[in-house]
Each structure stands twice: as C-alpha cells, then as structure tokens.
Amino acid sequence: MTDRSPVWHPFTQHYSAPDEINVVAASGALLKRADGSTLIDAISSWWVVTHGHCHPRIVEAVQRQAENLDQVIFAGFTHPSAETLAQELVALAPAGLSKVFYSDSGSTAVEVALKMALGFWHNQGIKRTRVVALEHAYHGDTIGTMSAGERGVFNAAYAPLLFDVERLPFPAPGRTGEVLDRLDKMCRSGDVAALIVEPLVLGAGGMLMWDPLTLHEMRRITEQHDVLLIADEVMTGWGRTGTLFASEQAEITPDILCLAKGLTGGHLPLAATLCSQAIFDAHYSPDRAKTFFHSSSYTANPICCAAAVENINIWKDEPVRERIAKLCEMQELAVGRLSATGLFRNVRRCGTIAAVDIDVADAGYLAGIGPLLQRSFLEHGVLLRPLGNTVYVMPPYCITREELDVVYDVLEDSVAQVLQEAGL
Ligand SMILES: *Cc1c(COP(=O)(O)O)cnc(C)c1O
C-alpha cells in the first residue's frame with residue numbers, strides 16, 4: 001500500500017495491504033468505486049447493512065431529523081426519536097426486557113452490558129464478579145470486550161490490561177453435553193456474575209455455528225444458579241440468522257441483550273443494550289452511588305435514533321421476512337453447490353449466513369490464503385473478506401439471485417485458482 005494518505009485504517013497492515021478502494025456511492029447490494037466500476041457487497045459492509053445501501057426511507061428519515069434536532073445531551077433530557085425507538089425495541093425484543101440503554105457501537109453495547117451485570121451484583125452487596133465467555137468469542141475491540149473475547153494475535157500486546165474470564169469451550173456438535181456440564185459447574189461456584197454468548201453464530205471467531213437447543217439449556221442453567229445471561233446479538237440481530245433475533249430460535253429471554261450493527265439498517269452508528277427490570281431496579285435507589293455510571297457524548301443521537309425508528313418501520317411495512325426467507329433458500333442452494341465441489345470443509349449455513357473453511361497448513365486468522373483470496377475476489381468485482389481460511393457470505397437482504405450467483409461463481413473460481421497458484 002502506498003503511504004500517501006494520513007488515514008490509518010482498521011485491522012489493516014499498511015505494509016502489505018493493497019491500495020484502499022475508494023467508494024463514492026452505494027445502493028442496494030452495490031458499491032460504486034471512484035473509477036465508475038462496481039463491487040457486490042457480499043458482507044453487508046462488515047455486517048451492518050441489512051435492507052441495502054442508501055435505502056430511500058432511511059435516507060429521508062435522516063434528512064428530516066437532521067433538519068429538526070441534530071443532537072442534545074441525554075442525561076436529564078430526552079427526545080421523541082429515542083422514546084419511540086425504545087418503545088419499539090421493548091415490543092420487538094424477547095418478552096421481559098423492559099429498559100433500553102443507548103450507546104454508539106457494538107463494543108460499547110457490550111461494555112454497557114458487562115457494567116450492568118457487575119453493577120447489578122455490586123449494588124446488592126453480593127460478591128459475584130466473574131464473567132464466563134465462550135472460546136472463539138468476539139465481543140469488540142475495547143479493553144473490556146477484548147477481555148471477554150478469544151485471546152490471540154489481535155490482543156497479545158494488550159494482554160496485561162485484560163481481565164480474566166472463565167472460558168467455556170465452544171459447544172460444537174457432539175460436545176454440547178460436556179460444555180453444559182462445565183457451565184453448570186462454573187455456575188455452582190457462586191461467584192459468576194454473568195455468562196456472555198453470541199447466540200447461534202460466533203462471528204469474528206470464524207462464523208462458528210451452534211444450535212438453539214444448547215442455548216436454551218444455557219439459559220436454564222444460568223437461571224437455576226442466578227447467573228445473568230448476556231446475549232451479544234450485535235451481529236446476529238436484525239434477521240441475520242433467519243429470525244429477527246437469534247435468541248428467538250432458542251425460545252429464551254436473556255437478562256441483557258446487545259444490539260448495534262443492523263439497528264439503523266446499517267446507515268449510522270448506534271447501539272442499544274436492553275435489560276430486565278431487575279437490573280434497572282438494582283441501580284434505582286435514593287443512594288446516588290448506585291447510579292449507572294456510563295455515558296458517551298453522543299448517547300442516543302437523534303439522527304441515529306431516527307434512522308433506527310425507520311429501520312423498524314421498514315421491518316413492519318416491507319416484506320423483510322419474506323426477503324430473508326428467500327435469501328435463506330438461495331444460501332441453502334449455494335451451500336449445496338459448494339459442498340459438491342469438494343474444495344471446502346465445514347460447509348455451513350445459519351439463516352442468511354453461509355460459510356466454508358479451506359484446508360491449509362496455517363489455518364487461523366493469519367492464514368496466508370486470506371489476503372490472496374480477498375485480492376482475487378475484489379479483482380472480480382466482489383467484496384468478500386475472509387477470516388483467515390474461512391470464507392463467508394453475508395449479503396444485504398436485497399441482493400438479487402443474479403448478484404448472488406456472481407458472488408458464488410467468483411468465490412469458487414478464486415479459491416480454485418488461488419489454491420492452484422499456491423500449489424496447495
Ligand atoms: C461487530 C461485533 C461487535 C463490535 O461491534 P462494533 O460496532 O464494531 O464495536 C461486538 N460483538 C459482536 C458479536 C460483533 O459481531
């Protein structure tokens with residue numbers, strides 16, 4: 001990459017990365033480059049765009065809000081978009097979540113969740129401070145969320161700052177009984193404040209899929225031992241797994257639910273952490289020391305909230321569920337097609353998300369094949385961003401059959417070509 005810009009990009013090794021692609025416009029599932037060519041956005045611009053880029057209704061809602069109220073302090077103040085959005089979220093979320101705390105990103109939604117869980121116990125004078133998290137988990141890139149996430153090359157430098165969590169093995173098929181037993185034992189220790197999970201799909205950990213029944217059992221065990229359950233649905237929320245929230249498939253209500261990414265349809269940064277009345281009540285007191293001490297400057301920014309309200313209106317008025325069902329069907333066909341090639345391992349799907357692994361000697365996030373594949377995909381007009389030797393397709397719900405066919409043609413051809421050139 002040439003060093004001609006002052007911009008330092010995220011998760012980018014500037015030494016070896018190719019020049020950045022300059023995107024000047026987008027609509028539906030397409031990104032338009034400065035040179036006029038287009039790319040199919042097969043990863044929803046890092047998992048955020050749900051209905052498609054520049055959905056006219058969200059664009060209009062943002063314009064309307066921007067003209068009326070841009071920003072207002074949220075401590076001691078409120079505004080109609082935040083109130084409407086909170087009511088809608090409580091109505092849509094699994095029953096029993098009655099309070100909504102706003103922040104700005106998935107990471108902050110999870111930070112808020114962890115602080116709520118610790119505050120819940122602290123304010124009652126009960127010593128429960130340990131957090132249980134899954135192996136291969138990803139919950140964000142702040143110090144707290146990295147602590148809950150898998151340890152590895154991405155956070156080795158910061159390890160001295162990270163707090164310890166109890167690590168529960170990933171509940172892969174065939175070992176779920178053992179994992180649930182481990183959880184039961186951890187919970188019996190009496191000092192566990194909360195279990196945090198990404199329901200049904202561990203995203204950045206490699207699109208690892210697990211079953212609703214195990215999640216259901218985790219809820220039963222945590223409930224039995226008074227351990228709080230935090231569902232990080234930052235990625236899985238807003239239809240990705242086939243239902244509005246992945247928790248629905250396990251028929252559970254977590255104590256805390258984290259939402260971000262698709263909350264605004266992927267148009268603007270906004271996050272919400274929903275919690276049970278009991279968690280709010282543990283902070284509700286004449287004692288000001290029991291206040292929930294968290295804020296960010298832009299908490300509940302009106303323009304972001306207006307985008308989120310319109311996202312929910314789109315869910316109500318447009319056939320979003322039908323679009324998702326159709327995409328699930330197309331993804332199922334694609335998964336069958338990829339299985340038949342014999343090029344891939346662990347060909348899998350959960351709702352609208354499809355993923356495959358490629359057999360390489362250096363499997364993992366730094367697998368050498370990742371950047372080679374990404375380059376080839378982009379050269380052929382498709383935005384796919386492998387997680388090491390895992391390639392996944394997570395398109396916006398508006399993607400057409402023709403566009404998705406191109407994505408899979410390019411995926412298959414690029415993998416075959418790169419494997420051949422690398423002599424693998
Ligand atoms: C992306 C993601 C986050 C972090 O969200 P940001 O908005 O990038 O901070 C947290 N949890 C999960 C499961 C995610 O996929």
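Some values worked out for this structure:
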| quantity | calculated |
| --- | --- |
| Helix axis angle, 401-421 relative to the chain longest principal axis, alpha carbon, degrees | 70 degrees |
| Global form of segment 163-319, assessed from the alpha-carbon gyration tensor, a/c cut-off 1.5 | oblate |
| Euclidean distance of C-alpha centroids, segment 351-423 and segment 182-215, integer Å | 28 Å |
| Length added when fully stretched, Trp8-Asn68, from 0.36 nm per residue minus Cα-Cα | 18.2 nm |
| Histogram of C-alpha separations across the chain, 20 Å bin width, % | 25, 58, 16, 0 |
| Proxy reagent accessibility, fewest Cβ within 10 Å first, across Met146, Met207, Met218, Met330 | Met330, Met146, Met207, Met218 |
| Segment 215-284 - percent relative contact order, Cα under 8 Å, separation 6 or more | 27 percent |
| Angle in degrees between helix 302-317 and the longest Cα principal axis of the chain, rounded to the nearest 10 | 70 degrees |
| Fully extended contour minus Cα-Cα distance, from Gln420 to Asn346, at 0.36 nm per residue | 24.6 nm |
| Segment Glu83-Leu162, length gained on full extension (0.36 nm per residue, minus Cα span) | 24.9 nm |
| Cut-off 10 Å between beta-carbons: net charge of the residues surrounding Val335, Lys and Arg +1, Asp and Glu -1 | +2 |
| The chain: calculated mean residue ellipticity at 222 nm from DSSP helix runs of at least 4, using -39500 (n - 2.57) | -11500 deg cm²/dmol |
| Only Lys, Arg (+1) and Asp, Glu (-1) charged, at Cβ; segment 56-317 dipole about Cα centre in debye | 400 debye |
| Charge sum, other residues only, whose C-beta stays under 14 Å from Ser297's C-beta, Lys/Arg counted +1 and Asp/Glu -1 | -2 |
| Residue pairs, from the table Lys99/Lys326; Lys32/Lys316; Lys185/Lys290; Lys99/Lys261, whose Cα atoms sit over 24 Å apart | Lys99/Lys326; Lys32/Lys316; Lys185/Lys290 |
| Cβ-Cβ FRET estimate between Thr38 and Glu248, R0 fixed at 60 Å, reported to 0.05 | 0.95 |
| The chain: relative contact order in percent, alpha carbon pairs under 8 Å with at least 6 residues between | 22 percent |
| Net charge, Ser376 excluded, C-beta distance under 11 Å - Lys, Arg +1, Asp, Glu -1 | -2 |
| Alpha carbon centroid spacing (whole Å) that separates segment 226-300 from segment 1-73 | 25 Å |
| Considering only the chain, percent of DSSP beta bridges that pair antiparallel, nearest 5 | 65 percent |
| Label zone at Asp211 (point 7 Å along Cα-to-Cβ), backbone N below 12 Å, segment 161-189 | 172-177 |
| Folded to 0 to 90 degrees: helix 106-122 orientation relative to the chain principal axis, Cα | 20 degrees |
| Order of Trp315, Trp8 - criterion: other Cβ atoms within 10 Å of each residue's Cβ, fewest first | Trp8, Trp315 |
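Each value in this text was obtained by applying a stated rule to the coordinates, not by laboratory testing. Bear in mind the structure is a predicted one, so any value in this text is a computation, not a measurement. Using ideal geometry, Cβ is built from the backbone for each residue, glycine included, and neighbour counts are taken over all protein chains shown.
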